[in-house]
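Reading through the structure tokens given below for one structure.
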């Protein structure tokens, strides 16, 4: 009598394990296909949406014009720039830029 039960128990175990493995594989495949469908839906939404609009940035304001200075004041400032250049405080480029700024 015990000899007959062992083959049946073994078959039941093998069949049950096969059933569970198949069910698990089917659930995994279903989960994967659902995820793929969600990804495709999101991609379709991204491509269908218009590109984001760039915010309009107005141009920077123009610098205020320098107040008009008299000839004597301009000469004094040019002499001061010359002394700063001679002592090495201003480089040639800085001196030329400041001089151009004063003259024009």
- request: Would you point out the residue of the range 75-104, among those that are modelled with pLDDT under 85 and not in a loop (DSSP other than H, G, I, E, B), that is surrounded by the most Cβ atoms within 10 Å (Cβ to Cβ)?
  value: 102
- prompt: Restricting attention to the range 89-102, which residues are under 18 Å from residue 63 (Cβ atoms) and without any contact (Cβ under 8 Å) to a residue 12 or more places away in the chain?
  reply: 97, 100
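The values are calculated or read from the model by the stated rules, or taken from the named source; none is laboratory data. Keep in mind it's a predicted model, so treat the numbers as computed, not measured. Every residue, glycine among them, receives a Cβ derived from its backbone with ideal geometry; neighbour counts consider all protein chains shown.
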